[in-house]
Amino acid sequence: MSLSQSATFAGDVSAAEAWEGLAGEPQAMLIDVRTKAEWAYVGIPNLSAIGKDVLLVEWQSYPAMAVNTDFADVLSAELERRSVGRETALYFLCRSGVRSLAAAKAMAEAGYDRCFNVAGGFEGPLDGARHRGEVDGWKAAGLPWVQS
């Protein structure tokens, strides 16, 4: 798909809005783009209450944090394998909403029509005590998650 044919990034949503979209649209997907270390040690969203799972595809790999140049191809192949169409709502999540924004824009550029960034991420920004998870994001919204 040429750049002129690419879809437009759909915008930022809150974690609660992402949950509502995931619960309300049968094919909607949550893509967690954090690192393997974050998934293992910090936790991941738990979508079992709505009969879904989270797609885990790194945008950057720890420790070098180099961008995964195969991200769009890998994710596109997985979405195709799951018969997820290009018009399906895709919600992208990282720690605070920065990496997921880049990933959502990359997938929009790859031709997916409804790519949303979960702006607060999984843990949100640092609070006054330099802790995450209390101010904004998936955990702060009280949405389900699990830790290994």
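Against the definition (surrounded by 13 or more Cβ atoms within 10 Å (Cβ to Cβ), outside any loop (DSSP other than H, G, I, E, B), of a type outside the set (A, V, I, L, M) and in contact (Cβ under 8 Å) with a residue 24 or more places away in the chain), how does SER76 come out, yes or no?
yes
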### Selected residue [under 22 Å from PRO125 (Cβ atoms) and at pLDDT 95 or above] from ALA89, ALA77, ALA72, ALA16
ALA16
### Summary
In the range 28-62, anything at pLDDT below 95 and among the polar types (S, T, N, Q) is listed as SER61
### Query
So, of the residues in the range 82-114 that are within 9 Å of the chain's Cα centre (by Cα) and more than 16 Å from VAL67 (Cβ to Cβ), which turns out to be surrounded by the most Cβ atoms within 10 Å (Cβ to Cβ)?
LEU93
### Task
For ARG132, indicate whether it is within 15 Å of the chain's Cα centre (by Cα) and either surrounded by fewer than 19 Cβ atoms within 10 Å (Cβ to Cβ) or assigned to a loop (DSSP other than H, G, I, E, B) (or both).
no
### Task
Scan the range 31-55 residue by residue and report those that are touching a residue at least 60 places away in the same chain (Cβ under 8 Å) and in a loop (DSSP other than H, G, I, E, B).
VAL33, ARG34, VAL42, GLY43, ASN46, LEU47
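The values are calculated or read from the model by the stated rules, or taken from the named source; none is laboratory data. A quick note: this is a predicted structure, and the numbers were derived from the prediction, not measured. Ideal geometry is used to build each Cβ from the backbone, glycine not excepted, and the neighbour counts take in all protein chains shown.
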